[in-house]
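One structure is given here, and the rest of the page talks about it.
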Amino acid sequence: MQRPQEKAVCAPAPRLCRVARRNMINRGMIDLCDQSACPGMGQTVQSLSLKVGEDRIYYLKAGSGSPVLFLHGGACDSGDWIETMTALSGYCTCYAPDMVGYGLSDSNRDVYSLGDFVGCVRRFIETLDLGDLVLVGHSLGGRVCLEIALQQPERVRKLVVVDMAGFSRMARFGRLITYLAWALRELRGRPQPYPRFSKQDGGYGGWLCLEQLPALKTPTLIVWSRYDPYYPLSAARRAAELIPQARLEVLACCGHAPHRKKHDTFVRLLLDCVASASGAGHPR
């Protein structure tokens with residue numbers, strides 16, 4: 001089956017997640033004027049797009065080898081993963097799409113449901129004919145990854161979820177709304193650069209998935225912040241008990257973003273996952 005043509009694009013820098021981008025600028029990984037590539041670890045992160053069903057999806061790609069797919073959280077976009085992708089690009093092929101309604105990808109609906117996000121990512125995976133995947137998702141992205149692993153276990157070799165939505169109802173909801181309001185003001189571009197969630201899902205609170213977890217057969221790594229302000233550690237511990245092949249890693253002092261605040265530790269955990277998934281080792 002011939003793959004669809006990938007269209008390379010120059011991704012406007014302000015549309016990347018500004019927190020991740022600011023970290024990269026501070027570390028000298030990208031230049032302020034560089035809008036399309038991110039040199040790092042001897043690799044380049046490409047900004048590409050392709051048509052997925054009725055939607056044009058923009059995504060980042062880096063490296064070579066077995067595929068790893070990253071899904072961003074609800075107040076960010078694919079740029080959240082650039083630093084992680086550059087660190088892993090010498091060991092695997094990294095993909096990070098802007099989910100439909102986010103970043104540069106099409107936003108053709110007034111509201112989105114969990115099924116919309118899952119369907120779009122499934123079509124993205126099928127369009128690129130990706131298999132034996134390591135799926136990595138943060139918050140909202142973790143919930144989408146979990147659903148894909150449940151629906152298409154034959155395509156997913158390992159699952160990594162980071163402070164995921166769905167293991168519990170959201171704690172300290174007011175504080176989350178305050179954070180989202182700040183984060184969304186930080187994102188430039190569209191007048192409304194983020195999607196609204198369908199009331200049929202009940203927002204994040206309607207994405208509870210504890211009853212589904214015993215059916216998950218994919219080996220799963222749960223990465224959690226000890227002091228996540230929105231989702232309690234107790235929920236992650238309960239999920240680790242319910243998933244047949246789960247391992248829980250708890251990181252301290254990193255809020256709701258352990259993949260950024262504890263970047264080096266997180267990358268080492270992912271390298272272990274990629275190495276065990278491919279049967280290869282990696283340098284320590």
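The values are calculated or read from the model by the stated rules, or taken from the named source; none is laboratory data. In this text, all values refer to a predicted model and were calculated from it rather than measured experimentally. Cβ placement follows ideal geometry from the backbone for every residue including glycine, while neighbour counts extend to all protein chains displayed.
Taking the criterion of being surrounded by 14 or more Cβ atoms within 10 Å (Cβ to Cβ) and of a type in the set (A, V, I, L, M), the residues of the stretch 251-268 that qualify are Leu251, Ala257, Val267. Listed by first and then second residue, the pairs with beta-carbon distance under 6 Å, at least 6 apart or on different chains, first residue in the stretch 143-159 and more than 14 Å from Asp132 (Cα to Cα), second hydroxyl-bearing (Ser, Thr, Tyr), form an empty list.
The residues listed here are Ser89, Ser78, Ser107, Ser36; of these, the one that is modelled with pLDDT under 95 and under 16 Å from Leu135 (Cα atoms) is Ser89. With the structure loaded, tell me whether Gly115 is at positive phi and among the small types (Gly, Ala, Ser) or whether it fails that test. Against the criterion (at positive phi and among the small types (Gly, Ala, Ser)), Gly115 does not qualify. Across the stretch 126-139, the qualifying residues are those that are surrounded by fewer than 22 Cβ atoms within 10 Å (Cβ to Cβ) and of a type outside the set (Gly, Ala, Ser), and the one among them that is nearest to Ala277 (Cα to Cα) is Asp132. Among the residues making up the stretch 86-120, a single one is touching a residue at least 40 places away in the same chain (Cβ under 8 Å), touching a helix residue (DSSP H, G or I) at 6+ places or on another chain (Cβ under 6 Å) and among the β-branched types (Val, Ile, Thr): Val100. For the stretch 252-268, the set of residues classified as touching a strand residue (DSSP E or B) at 6+ places or on another chain (Cβ under 6 Å) and in contact (Cβ under 8 Å) with a residue 40 or more places away in the chain consists of Pro258, His259, listed by residue number. Of everything listed in (1) without any contact (Cβ under 8 Å) to a residue 12 or more places away in the chain; (2) of a type in the set (Asp, Glu); (3) farther than 25 Å from Gly65 by Cα, the single unmet condition for Asp272 is (3). Does Gly166 fit the bill of being under 21 Å from Tyr231 (Cα atoms) and either at pLDDT 95 or above or within 17 Å of the chain's Cα centre (by Cα) (or both)? The answer is yes for Gly166.
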